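This report concerns only the one structure given below.
Here, each number is a calculation from the coordinates, and none is a lab measurement. In this text the structure is predicted, and so the values were computed from the model without any measurement. No Cβ is skipped: glycine too gets one built from the backbone with ideal geometry, and neighbour counts run over all protein chains shown.
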Amino acid sequence: MIPQPTQHPKLDQRRGINRPPESRFAADSAEWSRELLRRTDDWIVDSGVERLLAREFTTTDPRNWHWVDVYPRWPAEPDSAPTRMLADWRSREWKRIEFLYLHLPYCAQRCHFCYYFVSTDTSRSGEYLPALREEVRTFLSELPADATAGDLFFGGGTPSMMAVDDLRVLYDEVYEHIAQDRIGMVTLELHPRTMRKDIHRLAESGHVRRVSAGVQSFSRPVLEANGRIYVDPDRIRKVCTRFLDAGVEHIGLDFMVGLHTQTADDVLTDVRHIHALAQEGLIDSVSVYPRSFTEVWGPFSGEVVDEAVLAEKFRCHLLYRHFFAGLGWQEGPMYLFTAPTFSANVPSALVDAAATAQSLAFGNSARSSFADTQYLNRRDPDDYLEAVGEHGGATFAHVPFTRAVRNRRHLHFGVKRGHFDEADFPVEPTAAERARLDDVTGDLVERELVVRDGTRVELTQLGMLLVELVHQEYDRTFPEPATT
Ligand SMILES: C[S@@+](CC[C@H](N)C(=O)[O-])C[C@H]1O[C@@H](n2cnc3c(N)ncnc32)[C@H](O)[C@@H]1O
Ligand code: SF4
């Protein structure tokens with residue numbers, strides 16, 4: 001049953017804007033669900049997607065489909081060169097950081113599917129937090145007084161497990177070096193069941209402006225099958241209301257498709273709850289992450305991933321896309337669906353000003369499947385403590401935007417957005433690169449993953465569903481020249 005909207009005077013305006021057009025959603029939610037499912041299944045039949053999927057599965061293994069990192073590749077052995085990394089940072093006059101990330105690696109329970117570096121052993125968190133602060137200070141104290149940042153993001157792990165005062169100290173450390181009003185958005189990630197009771201005080205004191213809460217699914221059996229702590233919609237409602245009362249401007253929820261045992265029926269329940277939460281003006285963005293079945297964390301023990309499982313994952317994903325299209329929300333390039341009241345900072349392929357750092361991450365950091373990022377890939381918080389103890393921090397290496405990097409980024413962001421233009425590369429490709437690009441696009445056209453119209457290349461629906469695969473295929477078009 002869908003609960004009635006909560007009474008909350010501050011939300012009236014958002015409710016007005018976020019309310020979906022009545023004509024598209026019958027008052028009878030059962031009829032509406034049937035219609036949504038019918039539309040999804042009609043598309044599946046009409047597009048012949050099952051045949052195309054089956055064909056893909058005969059040649060590629062979904063356990064190898066995952067995002068290719070969009071950041072420049074490490075030149076070599078980053079872990080062994082911390083001093084050089086810090087020297088790299090100090091050798092330049094930075095004025096802006098696009099994405100500033102602090103990793104809080106602790107979780108109450110490890111979800112089976114999770115691909116982040118997390119730890120359930122919090123016994124050394126009392127050492128980790130000061131080390132993180134130390135590292136932030138080491139790097140940010142180099143910035144000029146007028147430095148700016150695009151996004152400041154505290155993620156994890158589960159930052160909401162940390163004490164409010166500890167998090168505040170970290171925020172204040174950042175704000176000491178980059179004035180708060182020079183940061184575009186400040187987001188805190190939380191798990192609505194493993195958060196401190198008073199965590200909303202960070203919004204009251206103006207330290208955070210947006211929260212992002214992990215839900216993944218509202219089905220208790222699905223979450224149990226995935227080793228995740230269950231959160232019910234009413235709890236979400238309470239958490240959102242508390243944060244909005246405390247003054248946050250935006251709230252996003254994370255959901256996933258491709259969870260073990262999850263079906264389109266589970267997603268139908270999820271979208272009904274999302275619909276209600278959006279109508280109440282409680283949330284204004286939702287991320288729907290297709291679960292990566294990478295070799296690192298999944299499939300987990302005992303789980304079988306076959307065609308049927310993947311077909312259902314795609315059906316769930318499509319259902320979400322139809323749902324949000326009906327709701328009038330915009331679909332962004334990073335699986336982020338946004339209400340008209342929220343406009344997210346979309347990463348640009350071309351930000352390459354000499355004084356702009358693309359991304360700076362502190363903590364043991366980043367995703368285990370990305371082997372070559374600007375983030376330091378230390379798996380274990382304990383290793384990180386040792387590293388910070390030795391040299392004060394080592395999360396950065398400035399890797400220049402070579403022509404290959406710039407063109408790869410044009411492709412990567414284009415693929416995530418759903419289209420790109422072969423005439424618009426930031427740097428004119430060589431004849432050999434054009435030939436490779438032609439090969440890849442030709443191959444993808446044959447596989448019905450993209451269509452070509454002159455120089456414009458557009459992902460088909462199947463391509464959007466297999467976007468990680470398309471991403472990887474395009475990755476080989478602009479290799480770095482071999483260094484000798
Ligand atoms: C750091 S967690 C969010 C905060 C909090 N730890 C929680 O789970 O509620 C970030 C998000 O990454 C997504 N995620 C985790 N593992 C994933 C995987 N294997 N594939 C795709 N998305 C994943 C989930 O949607 C999760 O909410
Ligand atoms: S999904 Fe969130 S709660 Fe689960 S293990 Fe990953 S970071 Fe922790």
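Could you please rank 329, 43, 32, placing first whichever residue has the fewest other Cβ atoms within 10 Å of its Cβ?
Fewest-to-most ranking of 329, 43, 32: 43, 32, 329.
Which far-off residues, 5 or more places away or on another chain, put their amide H under 5 Å from the one on residue 119, with H placed in the peptide plane?
106, 107
Which ³J(HN,Hα) values in Hz, rounded to whole numbers, follow from the phi angles of the range 411-417 under the Karplus curve 6.51 cos²θ - 1.76 cosθ + 1.60, where θ = phi - 60° and Gly and Pro get x?
Working through the residues one at a time gives 5, 4, 5, x, 5, 5, 6 Hz.
Do you know the relative contact order of the range 94-179, to the nearest whole percent, from alpha carbon pairs under 8 angstrom that are 6+ apart? Walk me through the intermediate numbers first.
Values: 106 pairs, mean separation 41.0, N = 86.
Reported as a whole number, the value is 48 percent.
On full extension of the chain, what length is gained from residue 172 through residue 88, given 0.36 nm per residue of separation minus the C-alpha to C-alpha distance?
Values: separation 84, 0.36 × 84 = 30.24 nm, distance 2.52 nm.
That pair, residue 172 and residue 88, stretches by 27.7 nm at full extension.
Describe numerically, in nm with one decimal, the distance between label points set 7 Å from Cα along Cα→Cβ at residue 265 and at residue 95.
So the two model labels end up 5.9 nm from each other.
Whole number please: convex hull volume per residue of the Cα set in the range 428-484, in Å³? Write down the numbers at each step before the final one.
Values: hull volume 5.0 nm³, N = 57.
Value for the range 428-484: 88 Å³ per residue.
By count of other Cβ within 10 Å, fewest leading, how are 343, 141, 287, 292 ordered? All intermediate terms of the calculation are to be shown ahead of the outcome.
Working: 343 13, 141 10, 287 17, 292 21.
The most exposed by this proxy come first: 141, 343, 287, 292.
Explain nothing, just the number: dipole magnitude of the range 403-475 about its Cα centre with +1 on each Lys and Arg Cβ and -1 on each Asp and Glu Cβ, in debye rounded to the nearest 20. Let's see the in-between values first.
Details: 11 positive and 15 negative charges, 72 e Å.
So the magnitude is around 340 debye.
If contacts are Cα pairs under 8 angstrom and at least 6 residues apart, what is the relative contact order of the range 403-475 in percent?
Relative contact order, the range 403-475: 38 percent.
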